[in-house]
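What follows is a set of notes on a single structure, which appears directly below.
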């Protein structure tokens, strides 16, 4: 079953850990990063509408180190965009592990997976994401339709 799961565990009143798990056919992956809950709420607002005027993108990672020894990395990126004229949408997740130093670069794991969904399922997911951002629930699930 194709699905996207987003969980959020607050660390304090400003930040918390978002974890994205994607299953699309035989492919699956999980990634996490530290973000502000309002970033989740902003993404929920961007996907809550019909028709979706433009692709909605959610990304999180870290900005690297000030001395440049650790470059900025995007660890989690979710994109949702319209597909064709029949009301379908493509859900894409790019997930990767964090690399702490150059020695670990060859051990990096990453996955890019996609599935299709529809606006009715997306509306339920957007509401769940709003609840995640508000701290009422800790997980939102978007199911695929294909």
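The values are calculated or read from the model by the stated rules, or taken from the named source; none is laboratory data. All values derive from a computational prediction rather than experimental measurement. Positions of Cβ are backbone-derived with ideal geometry, glycine not excepted, and every protein chain shown enters the neighbour counts.
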message = I need the full set of residues from segment 114-146 which are farther than 17 Å from residue 41 by Cα and without any contact (Cβ under 8 Å) to a residue 12 or more places away in the chain, in order please.
response = 120
task = Output the residues belonging to segment 6-38 that are in contact with a strand residue (DSSP E or B) (Cβ under 9 Å, 6 or more places away or on another chain), in contact (Cβ under 8 Å) with a residue 24 or more places away in the chain and over 12 Å from residue 76 (Cα atoms).
result = 7, 8, 9, 10, 23, 24, 25, 27, 28, 37
Residue list for segment 16-65, restricted to those being over 17 Å from residue 93 (Cβ atoms) and assigned to a helix (DSSP H, G or I) = 37, 38, 41, 42, 45
request  = Kindly establish whether residue 32 is modelled with pLDDT of 90 or more and within 25 Å of residue 1 (Cβ to Cβ).
outcome  = yes
Answer residue from segment 40-56, given it is in contact with a helix residue (DSSP H, G or I) (Cβ under 8 Å, 6 or more places away or on another chain) and closer than 28 Å to residue 12 by Cβ and is surrounded by the fewest Cβ atoms within 10 Å (Cβ to Cβ) among those = 45
task = Might you check whether a residue that is over 27 Å from residue 136 (Cβ atoms), modelled with pLDDT under 90, surrounded by fewer than 18 Cβ atoms within 10 Å (Cβ to Cβ) and within 13 Å of the chain's Cα centre (by Cα) occurs anywhere in segment 65-88?
result = yes
